[in-house]
Ligand SMILES: [Fe+2]
Ligand SMILES: [Fe+2]
């Protein structure tokens, strides 16, 4: 279906793929099942879309085979897919195993009078190597809980934004720079200065929070996409089923967006599953990821009355 002069985009996020069918994290279904449910529900929108954007945490722990398997799924879609990494991703295997002829890790693509700018916002999970490149830190999942830009990524973004002839820019990140979840990104952070310096950035799309939050950053709307694997209804403090977002970008810079939760057995099961206590504590700020990580397995079990769901948490 054609929609006059607007551009259709489908956003998926936080697929958390593993290296083999049957591998999962801490909910009952596999990441494959959640993504399959999302892509089936979104088939019409994907068929109509100029592109699909996948906003990070593509793999759960970064196995090469996870990116191979995800690349096969995304490569079969009828629209080009543009991906960026999240705090769970590992750069080297992602770059080696994910790209396909229609699955991209490039930082920018222009569609009509809109530029899609995909930035790596995992600076806090990186360290500078002696050879001048940034490498993933072992603790990147927790260290990069908030968005940040390395000087290299900031300069790359500024060069693209200065050179583009596009009238409007849509900025895609993994971690959303919302004041309530990313206090370190406020004020005069590199990301804030970048957005402030380029008024053509009309909107920001992100993932990471596994929910459908929205807000503002530097006067620009921020839209957060649910996870295709496991989402949270942070307002209600309950688990939620697989979801995604659709967008329509207008020639005058306006953005319409809609959140979709996929109805069906996965969502029914998630809604009927009690929120893990540690996750409720994490969301409420009663504990930090760093504090959780410092607990031994026995201490975790003693404190929460349940086994540690994943080795890193
Ligand atoms: Fe995630
Ligand atoms: Fe994340």
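Taken together, the values in this text are just the output of simple stated rules run on the coordinates, not laboratory data. On a predicted model such as this, the values are computed, not experimentally measured, just so you know. Here the Cβ is made from the backbone with ideal geometry for all residues, glycine too, and neighbour counts use every protein chain on show.
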Which listed residue is over 19 Å from residue 13 (Cβ atoms) and out of contact with any helix residue (DSSP H, G or I) (no Cβ under 8 Å at 6 or more places or on another chain), from 288, 257, 273, 267: 273
Only one of 131, 138 that is part of a loop (DSSP other than H, G, I, E, B) and closer than 26 Å to residue 290 by Cα: 138
Residue, surrounded by the fewest Cβ atoms within 10 Å (Cβ to Cβ), within the stretch 207-238, restricted to residues that are within 14 Å of ligand 1 (Cβ to nearest atom) and more than 30 Å from residue 196 (Cβ to Cβ): 232
Close pairs from the stretch 6-18: first closer than 13 Å to residue 36 by Cα, partner more than 13 Å from ligand 1 (Cβ to nearest atom) and part of a strand (DSSP E or B), Cβ under 6 Å, at least 6 apart: 12/244
Any hit, the stretch 171-181, residues being away from ligand 2 (no atom under 16 Å from the Cβ), out of contact with any strand residue (DSSP E or B) (no Cβ under 8 Å at 6 or more places or on another chain) and either without any contact (Cβ under 8 Å) to a residue 12 or more places away in the chain or assigned to a strand (DSSP E or B) (or both): no
